[in-house]
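Laboratory data are not the source of any read-out in this text; all were calculated from the coordinates shown. Keep in mind the model is a prediction, meaning the values are calculated, not measured. Neighbour counts run over all protein chains shown; Cβ positions are idealised from the backbone, glycine included.
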Amino acid sequence: MLKSKEIANALYKIDAIQIRPDRSFVWTSGIHSPIYCDNRLTMSYPKVRKQIVRQFAEMIEQLEEKPDVIAGCATAGIPHAAWLADYLDLPMVYVRATPKGHGKQNQIEGKVEKGDKVIVIEDLISTGGSSIESAIVLQDAGAEVLQVLAIFTYGLAKADKKFKEVNVTFSTITNFDILADALVENNEITEAEKTDLLQWRDELGNS
């Protein structure tokens, strides 16, 4: 069974996810946000990153088709893909945001063969752009992308729409809704603040 709430609590405890109900975080896009997510921090916490790897492995175990290769999205998905590939004893590749500007100009680093079944690992699904791009690059190389797996998602409707448009499925270990419930249970936020957080998310996701 996935330990979604346990992972949400762990991410919050190490400040990989921070909440400010006053929306004082400002994203690069200029959006004023009540949440900031930086799952790169999990690299510095062996216990948490091992929990994440085990959760990814459990998600893969539940799939009808099993992967031949684990692919990481550059950059934050790379370490988790590497740990997962090692855990499952599978080959690993990673996908650059853009082709390398020299040498063989690779966009996929590592070896993926035509027909290989691939799981794409990402740290965060926001609008879905980077992970969808990685999936498309792998498909163009002849691979079959079974699914994108990520640690956390905001649950934006626009992300769901984009994944459906390219016929790629995704799953996450935990999400914004589970986090909000956990924070209320732990008396970190009030029910009113939870309602405001989810309203902000829904408005952003449909904008």
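Summary of values
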| read-out | value |
| --- | --- |
| Cα-centre dipole for the range 4-205 with unit charges at Cβ (Lys and Arg positive, Asp and Glu negative), debye to 20 | 600 |
| Stokes-Einstein diffusion coefficient of the chain, Kirkwood radius over Cα pairs, 25 °C, 0.890 mPa s, in µm²/s | 140 |
| Segment residue 18-residue 86, extension gain: residue separation times 0.36 nm, minus the distance between their alpha carbons | 21.5 nm |
| For the range 109-154 versus the range 1-45, the gap between their alpha-carbon centres in whole angstrom | 22 |
| Distribution of pairwise C-alpha distances over the range 1-64, 10 Å bins, in % | 20, 41, 27, 12, 0 |
| FRET efficiency, residue 139 to residue 5 (Cβ-Cβ, R0 35 Å, nearest 0.05) | 0.55 |
| Extent along principal axes [Cα atoms of the range 145-207; Å; largest to smallest] | 40, 25, 8 |
| Contour minus Cα-Cα distance for residue 31 and residue 157 (0.36 nm per residue) | 43.7 nm |
| At most 14 other Cβ within 10 Å, DSSP loop - trypsin sites (Lys or Arg not before Pro), the range 102-187 | 104, 111, 114 |
| Full-stretch length increase - residue 169, residue 202 - with 0.36 nm per residue and alpha-carbon distance subtracted | 9.8 nm |
| Table column - 3J(HN,Hα) (Hz), the range 154-165, Karplus curve with 6.51, -1.76, 1.60, x for Gly and Pro | 6, x, 6, 4, 5, 5, 4, 5, 5, 5, 5, 4 |
| Descending principal axes extents, the range 78-182, alpha-carbon based, whole Å | 47, 31, 26 |
| Residues residue 58 and residue 188, FRET efficiency given R0 of 30 Å [Cβ-Cβ distance, rounded to 0.05] | 0.65 |
